[in-house]
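I have a structure here, written as structure tokens, and I will follow up with some questions on it.
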Amino acid sequence: MDNNLILGIDLGTTNSLVGVVDAGFPILLADKNGERSTPSVVHYGSGGHITVGTAARRQQVLDSARTVFSVKRLIGRRPGESDWEPPYDLRVLGTTPSKVSAEILKHLKQVAEDSLGQNVSRAVITVPAFFNDAQRAATKHAAELAGLSVDRILAEPTAAALAYGLDQLGERKRVAVYDFGGGTFDISILEMRDGVFQVLSTAGDTQLGGDDIDAALVRYLKSKRDWTAAEDVAQDAAWTEAAERAKRQLSTHDSVEVILPFIDGSHSFHVVVERAELEQMARPFVDRTIKHCQRALHDAKLNVEDLDEVILVGGSTRMPLVRQRVRDAFKTEPNLSQNPDEAVAKGAVIQAGILSGALRQMILLDVTPLSLGIETFGGLMNIIIPRNSTIPCKAGEMFTNAVAGQESMLIRVLQGERELAKDNWELGRVEVPFPSGAKGTARVGVQFSIDADGILSVLARDTATGKDTVLEIQNTAVDVDDSRVEEMINASVEHALDDMNERIWTEAKMKSEELLAAVDEALPLVGDAVDTGAIRRASSAVREILEAELHDATALKRANATLDDVTQSLAVLLVERAMEEALDRKLGL
Ligand code: AMP
């Protein structure tokens, strides 16, 4: 038995889901009927028998006074505080919103235990971002009544963002979570700060959802009856069920037939509804959601252009009209990669997996926590795979020899964010042989690849001989202790200016050395043909800065530029001379 197991639970207004991380993957658990979604409905039978879920929902029409639904609208609120008046009386039923929620949670706990074959006593539970302390505390209390200790209460939009993998987007990235369910609409704007999502703003309407669209469709269908009928609660349930089913079908079909045989015992109903007709009925409700989106953006002091991603949550976002309006309002394609009904639950499971350690490896292996590279000329760090790259990944670069006659190159594999090789960590080293030649003639391709298990392979290929040298580094490339990553990043920020100056200095110094060597070689050849005074002056200016204690990168770059300038005539002259000589040789002079 695994005592560290933590359930992830989406305790929804209409439906609830439960899941767990299994073998490194977040999965949602199904009940004995194969259903992953449990209606958040509890029926209190007159004999004291309590049923939950689908069985309870069946009682809604037959025994409406004893069937409790949407209790999430009441939890943590004083009587009369909610803007919703339920058609049942909890006091008469001898219960409270927390106790009702506890029944739902008990049921979910049982579904999980049956499926896993073991007891579980810990959970992460999601709540709307706008839930206040009392509502959160009451939810926690409900879990305790159900025999679950709560490891974390998680905001629903944050859970959804986790399910969409948006925690990998990086710092300061902003996400809009558009959540349109059966009875409620929520919009949340999140920003990633220090690795966690902060809720910048939320807006919404607790009385706006797919149910409103169903009701509008019921009114429309009833208006198409060719007989007059009195109101009938039992019949209404059948109308609503038919309307909801038609609405769902219209998300994927252009038209649908609604057939209700002998709906009142003597009349049958048959009509065809087009998607365009449904959209006309739904438009006012969808428009209201868009107004809330604008409000949330305004509250977060952002424009749509400031958002990096828009994600859709809740069954009603399956409607093409909803997707279209969201696309238009946010001027971007919403991310549809997750199942909108399950995203919140999946996020709760992921959070539970992180807390229990079941997902730690996967999370850590997901991206490179620090940059990977090799040491190059002058002791500089040359990054090949930057920090935060998603793995598996591959990248490479070509290197050459720095000096003539060199027969091999030492490749030092480094990890870290500092500009100088010596300040980074060495993960390994390998000597790559190549045929000796003039400076810059060797061609060694270096490729880094990290596989899904976090193993870094460094392959160095001498392109002249085709010979490969391979170095394999176990997952130190990705599996680094958080505190060490933080230390390295802090150091790179702290030393950013000095490091950068040192890099520029080193690069300028290499340029100086190249120029001085060329000048020293050329000057004896040209004699008095050019004004060597200026060249000598410029060379000694460069040497002076090189020898100074102070690594003045800017001054060195300027001196290099002057030397480069005054040697132009020298270069031109040398080329001319060489051509003359070649011509003479050709003419036999
Ligand atoms: P939720 O509260 O997220 O479970 O969403 C439930 C709402 O989503 C209900 O109003 C459903 O009618 C609606 N819904 C589910 N699937 C679809 C669909 N395919 N098209 C339109 N609405 C849907």
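Has region 29-49 got any residue that is more than 36 Å from the chain's Cα centre (by Cα), farther than 19 Å from residue 352 by Cβ, assigned by TED's automatic domain parsing to the domain that holds residue 152 and assigned to a helix (DSSP H, G or I)?
The answer is no; no qualifying residue exists.
Which one is farthest from residue 276 (Cα to Cα), of the residues in region 303-344 that are of a type in the set (Asp, Glu) and near the ligand (Cβ under 10 Å from one of its atoms)?
342
Next question, about the same structure. Could you grab me the full set of residues in region 284-302 that are within 14 Å of the ligand (Cβ to nearest atom) and farther than 12 Å from residue 187 by Cβ?
285, 286 - these are the residues of region 284-302 that are within 14 Å of the ligand (Cβ to nearest atom) and farther than 12 Å from residue 187 by Cβ.
Identify, by number, the condition in (1) within 16 Å of the ligand (Cβ to nearest atom); (2) surrounded by fewer than 16 Cβ atoms within 10 Å (Cβ to Cβ) that residue 210 doesn't meet.
(2)
Shifting gears a bit: So, in region 242-262, of the ones that are within 21 Å of residue 324 (Cβ to Cβ) and small (Gly, Ala, Ser), which residue ends up farthest from the ligand (Cβ to nearest atom)?
Here the answer is 255.
Every residue in region 167-207 that is within 16 Å of the ligand (Cβ to nearest atom) and among the aromatic types (Phe, Trp, Tyr), please.
178, 180, 185
Would you confirm whether or not region 564-572 contains a residue that is closer than 28 Å to residue 423 by Cβ and under 51 Å from the mean Cα position of the chain (by Cα)?
no
What strands (runs of 3 or more DSSP E) completely inside region 167-266 contain at least 3 residues that are more than 27 Å from the chain's Cα centre (by Cα)?
Once the strands (runs of 3 or more DSSP E) in region 167-266 are filtered for at least 3 residues that are more than 27 Å from the chain's Cα centre (by Cα), what remains is 255-260.
What residue, among those in region 9-29 that are more than 16 Å from the ligand (Cβ to nearest atom) and touching a helix residue (DSSP H, G or I) at 6+ places or on another chain (Cβ under 9 Å), is nearest to residue 161 (Cα to Cα)?
Only one residue tops the list, namely 26.
Among the numbered criteria (1) free of Cβ contacts under 8 Å to residues at least 24 places away in the same chain; (2) surrounded by 14 or more Cβ atoms within 10 Å (Cβ to Cβ); (3) within 16 Å of the ligand (Cβ to nearest atom); (4) not in a strand (DSSP E or B), which one does residue 281 miss?
(1)
If you don't mind, there's one more thing I want to ask. Being farther than 19 Å from residue 141 by Cα, in contact with a helix residue (DSSP H, G or I) (Cβ under 9 Å, 6 or more places away or on another chain) and among the aliphatic types (A, V, I, L, M) is the filter here, so list the residues in region 57-102 that pass it.
The answer is 61, 62, 92, 93.
The values are calculated or read from the model by the stated rules, or taken from the named source; none is laboratory data. Bear in mind the structure is a predicted one, so any value in this text is a computation, not a measurement. Neighbour counts run over all protein chains shown; Cβ positions are idealised from the backbone, glycine included.
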